[in-house]
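**Q** Starting off with a structure, shown below.
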Amino acid sequence: MQKGLEKRLKLIAVFIIAGAFAWFLIISPMIQFHHHESTLEEAARRYFELNPDQLPTGERVKTLSLNTLYKKSYLKEDFHIPYSSKLCSLEKSWVKVRRENQEYRYYVYLDCGFLKSGVDHRGPQIQLTGKEEMTVNIGEKFEDPGVHSVVDDTDGKMDPTTVVVKGEVNTNKAGTYEITYTAFDGFRNKSTVTRVVNVVKVFSGIVKRDLGELPNYSGNPDSNYVRLSHMYFRIYGLTEEEDVILIAEEDVANVGYTKLEKWLDEVYIPHFTEEARKMLVESKFCNMKLNEKDMDMTECNSYTEKRYAYVPSIMDINRASGKTENFMKPSTISWTANAKNRSNAYVTRDIFYGDSYGKDYLLLPSSYNYGVRPKIVVKGDSLVVGGDGTKNNPYTFEETEKAKGGDALNTRYSGEYLMISGTLWRIIQVEKDGTTKIISEDTLGTLSDRPMTYSNPEQSQLTYNPKDKENYGYYINNRSSQYIDTSFFVKKEVDVPIYEKEIIYGEEKSTYSYIVKISPPNMYDMFSAQSVQRGKHSHSYWLINSSMSKERYGGAITDIGVPLNETIAEYDLYGVRAVAFVKKGAVISSGSGTYDSPYKLK
């Protein structure tokens, strides 16, 4: 009996506790919530009693937000979310009034966290025709696809033409534009959907509009300049797949014809940034064999296997010929993609001298080192983010991150420019030890005052040696500081490639090593060919490449940008184009890394 009584008492206690929880957690908050709803409605009624001219007419709906009633002092009591110090939503909570059956009816919606009024408070659901984010190429016509449907929980399907559309898209100016679509249901609940329209410069679209019906650029156009991976190019035209063909604006090195593919694969392509390499398209390039009588051909019928880079063909150059100019002909001597046989291939230049004057192409030994002016193909759907295609403002892409003041130089990219005490330099590459290998854009000094030196005439074997006081290497390493500030540079071990006779890429027989602060360029390094940026060019300079031959074979570039493929005379003078290594801790203070806005260091 006593046990039964205890059991009943426990059940009663449980019910009492459960009831208490229900009261405090559910019932009491709901009572308070409904009290707030009533208080909110009363405040709205007082507002309209004192402002009867604000009452809606016809089928209109008037909305008063909770915030408005607070601001106008029709409410003094704060509405809190249960068990919280937070207020109920001031903007989402409202009272709507509309005339029904000759009387005004009030609808209250209160948003207090997990407690919300049951009245219709959602706007219609708007479904757009097409995607909510669209991309349009600059210059193309844009037609808004509009609204597909509008459906409301209460009103059902609504007329899409009632949607209010705002926003314009200027397809003549790249940028991001927004179009907003706003709809109201019968209770004046509002919903808005936004369509984002990106007006972009699609690379192939720019080229197509610029060329019109023409197959490629010709003459010397002023609107086909490009900077990609901090190297400068000219647009040639489009492939059948509408990818874009680019030709380097300048020679990047001097390499023998037979070694072109090897050098392009091993040196050139790895100097592109990772993102830029993703933009390249593997393509087949013309390498048709020609006889001298075929120099005016414009069609090719023999191609390489698919690869990322080669050099322009005679056919490419012929198709680009204008009335008086041809942007495909460089001021240096550069290889074309065409050979006559294993031993001889063709070079081109804007003008030849002597007996070759007036010719477009010369046939020269394929083992000789001449300019490499790469030809590449870039994805046509690449987005241009800057520039207008002019020489001073070339088209650019978003394939590299911009530098900020305070960034370390050794975080930057091959091809970028920097200024050190008035001398312009270009980054070759960042070394594994954190130093940055750079090359001066021009020879040191000025035309009236520049270091020039000749090799020791008593030496039959012409070999770079910075330890020999009679050697041009000693002069370069020890006297260059008279012309440039070397405080940013560190001494580094440099390798001197030694060849049996002719200097041929990858065929050095031995290597000497020296620790120096300044050295000449290696013929096969990036940007070691004569610089011709902005119509300016560097003057004659020594190269580090050396020969074992007693016929005085050596490495040098002449004033007109031609690498020597023959013996060097005893008293031939050549200047100093310097290669140095910037110390690991060098920091950028300003600049954009371009030719016109080089980095400055601190």
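The values are calculated or read from the model by the stated rules, or taken from the named source; none is laboratory data. The model shown is predicted, which means the values in this text are computed figures rather than measured ones. Because the Cβ atoms are built from the backbone with ideal geometry, glycine has one as well, and the counts that use them run over all protein chains shown.
**Q** Looking at the range 240-250, is at least one residue over 19 Å from N137 (Cβ atoms), in contact with a Ser or Thr (Cβ under 9 Å, 6 or more places away or on another chain) and modelled with pLDDT under 95?
**A** Yes, there is a match, as at least one residue in the range 240-250 is over 19 Å from N137 (Cβ atoms), in contact with a Ser or Thr (Cβ under 9 Å, 6 or more places away or on another chain) and modelled with pLDDT under 95.
**Q** Let me ask you something else. Report, by residue number, each residue of the range 390-428 that is surrounded by fewer than 21 Cβ atoms within 10 Å (Cβ to Cβ) and of a type in the set (A, V, I, L, M, F, W, C).
**A** Once the filter is applied, which keeps residues that are surrounded by fewer than 21 Cβ atoms within 10 Å (Cβ to Cβ) and of a type in the set (A, V, I, L, M, F, W, C), the range 390-428 yields A403, A408, M419, L424.
**Q** Return only the number of the condition from (1) at pLDDT below 95; (2) surrounded by 15 or more Cβ atoms within 10 Å (Cβ to Cβ) that L364 does not satisfy.
**A** Answer for L364: the failing condition is (1).
**Q** How many residues, within the range 118-135, are under 14 Å from A183 (Cβ atoms) and either part of a strand (DSSP E or B) or small (G, A, S) (or both)?
**A** So the count comes out to 5.
**Q** For the condition at pLDDT below 90, on the phi > 0 side of the Ramachandran plot and in contact with a Leu (Cβ under 6 Å, 6 or more places away or on another chain), what is the one hit in R534, R552?
**A** R552
**Q** Another one. Return yes or no: is D495 surrounded by fewer than 21 Cβ atoms within 10 Å (Cβ to Cβ) and either among the hydrophobic types (A, V, I, L, M, F, W, C) or assigned to a loop (DSSP other than H, G, I, E, B) (or both)?
**A** no
**Q** Have a look at S528, S592, S546 and point out the one that is part of a strand (DSSP E or B), in the same structural domain as T453 (by TED's automatic domain parsing) and either surrounded by 20 or more Cβ atoms within 10 Å (Cβ to Cβ) or not hydrophobic (A, V, I, L, M, F, W, C) (or both).
**A** S546
**Q** Something else: For the range 294-304, check the following and say yes or no: at least one residue is of a type in the set (F, W, Y), in contact (Cβ under 8 Å) with a residue 12 or more places away in the chain and within 20 Å of Y361 (Cβ to Cβ).
**A** Yes, the range 294-304 has at least one match.
Here is a yes/no grid of residues against (1) of a type outside the set (K, R); (2) over 43 Å from the mean Cα position of the chain (by Cα); (3) farther than 12 Å from V193 by Cβ; (4) at pLDDT 90 or above:
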{"site": "Q127", "(1), (2), (3), (4)": "yes, no, no, yes"}
{"site": "M134", "(1), (2), (3), (4)": "yes, no, yes, yes"}
{"site": "N137", "(1), (2), (3), (4)": "yes, no, yes, no"}
{"site": "P145", "(1), (2), (3), (4)": "yes, no, yes, yes"}
{"site": "D153", "(1), (2), (3), (4)": "yes, yes, yes, no"}
{"site": "K157", "(1), (2), (3), (4)": "no, yes, yes, yes"}
{"site": "T162", "(1), (2), (3), (4)": "yes, no, yes, yes"}
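**Q** Here is a further query. Looking at the range 410-421, is at least one residue basic (K, R) and modelled with pLDDT under 95?
**A** no
**Q** Within the bounds of the range 326-339, is there any residue that is assigned by TED's automatic domain parsing to the domain that holds G219, over 13 Å from I247 (Cα atoms) and in contact with a Cys (Cβ under 9 Å, 6 or more places away or on another chain)?
**A** yes
**Q** Name every residue in the range 175-192 that is under 36 Å from the mean Cα position of the chain (by Cα) and surrounded by 17 or more Cβ atoms within 10 Å (Cβ to Cβ), in order of residue number.
**A** Those that are under 36 Å from the mean Cα position of the chain (by Cα) and surrounded by 17 or more Cβ atoms within 10 Å (Cβ to Cβ): Y177, I179, Y181.
**Q** Something else about it: Any chance the range 303-317 includes a residue that's of a type outside the set (D, E, K, R), in contact with a strand residue (DSSP E or B) (Cβ under 9 Å, 6 or more places away or on another chain) and part of a strand (DSSP E or B)?
**A** Looking for residues that are of a type outside the set (D, E, K, R), in contact with a strand residue (DSSP E or B) (Cβ under 9 Å, 6 or more places away or on another chain) and part of a strand (DSSP E or B), one finds at least one in the range 303-317, hence yes.
**Q** Which members of the range 439-487 meet the condition of being of a type in the set (A, V, I, L, M, F, W, C), within 40 Å of the chain's Cα centre (by Cα) and modelled with pLDDT of 80 or more?
**A** Hits for the range 439-487 are I439, L444, I476, I484.
**Q** While we're here: For residues in the range 549-564 being of a type outside the set (G, A, S) and out of contact with any strand residue (DSSP E or B) (no Cβ under 6 Å at 6 or more places or on another chain), which is farthest from W335 (Cα to Cα)?
**A** Among residues in the range 549-564 that are of a type outside the set (G, A, S) and out of contact with any strand residue (DSSP E or B) (no Cβ under 6 Å at 6 or more places or on another chain), the one farthest from W335 (Cα to Cα) is K550.
**Q** Also, quick follow-up: Any idea which of (1) surrounded by fewer than 21 Cβ atoms within 10 Å (Cβ to Cβ); (2) at pLDDT 95 or above; (3) touching a Ser or Thr at 6+ places or on another chain (Cβ under 7 Å) is the one G387 doesn't satisfy?
**A** (2)
**Q** Here's something else I'd like to know. If only one of K323, K402 is more than 19 Å from V244 (Cα to Cα), charged (D, E, K, R) and within 23 Å of the chain's Cα centre (by Cα), which one is it?
**A** Criteria check complete, one pass: K402.
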